[in-house]
Amino acid sequence: MTALSDRHSTFTIERILPGRPSHAWRFWADPVLKQAWSGCHPDWTMLEQIQDFQTGGRDFSRMRDTDGAIHSVDMRYLDLLQPQRILYAYTMHLDATPLSASLVTIDFMPKGEATGMVYTEQLTMLAGDTAQRRAGTGHGFDRLVLEMERALATLQ
Amino acid sequence: MTEVKLQTEQAQLDRLFQSLADPYRRAMVTRLVKGPASMSELSAMLHLALPSTLKHLQVLENGGMVASSKQGRVRTFAIDRQGLATMQSWLTEHQRQLNAGFDRLEALMRATPEEKQP
């Protein structure tokens, strides 16, 4: 395996969401609804935020965590096909260090009254070492096993 | 961390993930998470011949997921905590956060009435 491909990985997450694809779509398109589920750190301070859900639009957030580190996520919507597919590219930074760059495709398929969602991320790790050390702190062995099982479920 | 060390770590992660890409090996890991087991215990549990059991365990050992030790004629396998620590890596954490977000999405979609279809 080349050094380059060691940095690359692709994974998918499949979910059944309650409601039709048009319902699911609102939770990306409406900035308030989007923030309500994607904002995962209530104790972090939002320093800057842009939400522009349209093809070519930018979704950017810069947050300060409780240790004072700055996390930023910079997304660009590449193609939107309502209500079937969302395609975007994004990078993540920790302070000035780039962590990753990804291409994400989210497909919504009607399943009766519900929606089958497939999230596919093609990811290039840019500085996994820094994040790995951060992510590895403060977790007990039980938690590790739990997360491993979760990861196994994702890999299947 | 140097570039070379980072690449080695990523290669190790790949081996680890590949070692888990098999239902027998995942069953072995699920069993070993509860405590160490001998090769014959694992082979009996999975109804696998000893040579196949050994082959799977070697893949897991190579991936850093399990470690083995030999006492007399019995080889015992156990979860390698270092492997688990590797598993608790950037990617795992990233996926965990995504899944947690989708859990919230699901709950929120359920709590929000659907708009009437035009």
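The values are calculated or read from the model by the stated rules, or taken from the named source; none is laboratory data. All values derive from a computational prediction rather than experimental measurement. All Cβ positions, even for glycine, are placed from backbone atoms using ideal geometry, and neighbour counts span all protein chains on display.
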### Task
Would you point out which residue out of B:Ser69, B:Ser40 is assigned to a helix (DSSP H, G or I) and modelled with pLDDT of 85 or more?
B:Ser40
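Only one of A:Asp52, A:Asp74, A:Asp30 is within 19 Å of A:Ile106 (Cα to Cα), within 16 Å of the chain's Cα centre (by Cα) and charged (D, E, K, R). Can you tell me which?
A:Asp74
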### Task
Please go through the stretch A:33-55 and pick out each residue that is in a loop (DSSP other than H, G, I, E, B), farther than 19 Å from A:Pro83 by Cβ and not aromatic (Phe, Trp, Tyr).
A:Gly39, A:Cys40, A:His41, A:Pro42, A:Asp43
### Task
Would you be able to tell me the number of residues in the stretch A:78-100 that are touching a Ser or Thr at 6+ places or on another chain (Cβ under 6 Å), closer than 20 Å to A:Met125 by Cα and modelled with pLDDT of 95 or more?
2
### Task
Can you work out which of the residues in the stretch B:14-48 that are farther than 18 Å from B:Ser68 by Cα and not aliphatic (A, V, I, L, M) is surrounded by the most Cβ atoms within 10 Å (Cβ to Cβ)?
B:Phe17
### Query
How about the stretch A:60-82: which of its residues are closer than 16 Å to A:Met46 by Cα and aromatic (Phe, Trp, Tyr)?
A:Phe60
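Does A:Asp74 count as more than 13 Å from chain B (Cβ to nearest Cβ) and surrounded by fewer than 16 Cβ atoms within 10 Å (Cβ to Cβ)?
No; evaluated as a whole, the condition is false for this residue.
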